[in-house]
Amino acid sequence: MLTASKLGKALDIPSAQVNLLLAELGWVEKSTEGWKVTSQGERQGGRTRTFKQNGTPYAIWPDRLLRSKVFLAAVNEFGKETYKKTYKETAEAIAGPPVVAEKPHVADLRTRFPAKYRAADGHYVRSRAELSIDNWLYMHAIVHAYERKLPVEEDAYCDFYLPQGKVYIEYWGMEKDPAYAQRKKEKQAIYARYGLNLVELADAELENLDDNIARLLLPFGVDCT
C-alpha cells in the first residue's frame, strides 16, 4: 500500500499535490488535521489510517493506482508533463488512454447540438436549458465546470461538475428520443455504480431554478444563499 508521499515519489510530484488531486477526484476529503478516504476512494482500494503519535488520519492506496487510467488522466490534467523513465507503464498510461469512438447516438447528438450558446462566465453550452443552468450557477458564485469527464473507466461526461460537494449535474432534455433515453439509463447506471453525487434536472425543475437547484444541492453541502 502506498502513501501520498510514495505516490508522489513514483510520479515525481509533491505529496501535497497528490492529495489535492485525489480530493479533486472525490477519493479523499480533508479532515481537521489530515485526509480521509471517501466511499468512492474505498472503491479504488484506498484505506484510512492514523499516525500513532497524534492520531492524524492519512490515506494509503494499492499500487494498482499507478496503472489507473482515471488517476493518471487526472495527473495529466493537473499539468504534469514529465515522469520518471523507470515508470514506463505509468508514463504510457499518462500519455492518454486509447481513443474510444463515441457511440453513434452520442456522436450524433454532439453534431446535432453543437456548443454555441455562450454563458455569462464564458462557457459555451449546447442548449438554452443548459445556458440557464450555467448562468444560474455563475450568478450564485458556485464554481463549476461544463462537460467534464467522469472519474470512471467508462467514456462518460457530465453536464456540469461542482467541486464543492463533488456534485455532478445532469439535465435530461430529450427523453422522448429513444437513443437519448437509452444513454440516460446508461449514465444513471454509471453514477450509481461508482457512488457519485448526482443531481438530475428536467424541464419541470427549470421552471423555478432558484428553489429547485438550491433544494437539490443542499444535501451535498452546497449553500446557494
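The values are calculated or read from the model by the stated rules, or taken from the named source; none is laboratory data. The shown structure was predicted, so the numbers you read here are calculated from the model rather than taken from an experiment. Heads up, the Cβs are rebuilt from the backbone with ideal geometry, glycines too, and the neighbour counts pull from every protein chain shown.
Considering only residues that are of a type in the set (S, T, N, Q) and assigned by TED's automatic domain parsing to the domain that holds GLU175, which ones fall in segment 188-225?
Going residue by residue through segment 188-225, those that are of a type in the set (S, T, N, Q) are 188, 197, 208, 212, 225.
Residues satisfying the conditions are GLN188, ASN197, ASN208, ASN212.
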| query | If you check GLN182 against the conditions, is it under 17 Å from the mean Cα position of the chain (by Cα) and either under 18 Å from LEU150 (Cβ atoms) or free of Cβ contacts under 8 Å to residues at least 40 places away in the same chain (or both)? | reply | no
| Just checking, which of PHE71, PHE51 is within 18 Å of ASP12 (Cα to Cα) and either of a type in the set (Val, Ile, Thr) or at pLDDT below 90 (or both)? | PHE71
| said: Can you find a residue that is outside any loop (DSSP other than H, G, I, E, B) and over 16 Å from ALA74 (Cβ atoms) anywhere in segment 10-25? | reply: no
| When you scan segment 138-156, how many residues do you find that are of a type in the set (A, V, I, L, M) and in contact (Cβ under 8 Å) with a residue 40 or more places away in the chain? | 3
| request: Any chance you could count how many residues in segment 124-168 are touching a Cys at 6+ places or on another chain (Cβ under 7 Å) and surrounded by 22 or more Cβ atoms within 10 Å (Cβ to Cβ)? | output: 1
| Count of segment 26-51 residues which are under 17 Å from TYR194 (Cα atoms), among the hydrophobic types (A, V, I, L, M, F, W, C) and not in a loop (DSSP other than H, G, I, E, B) | 2
| task | Would you point out which residue out of GLY8, GLY55 is of a type in the set (Gly, Ala, Ser), on the phi > 0 side of the Ramachandran plot and either exposed (fewer than 14 other Cβ atoms within 10 Å of the Cβ) or over 17 Å from the mean Cα position of the chain (by Cα) (or both)? | result | GLY55
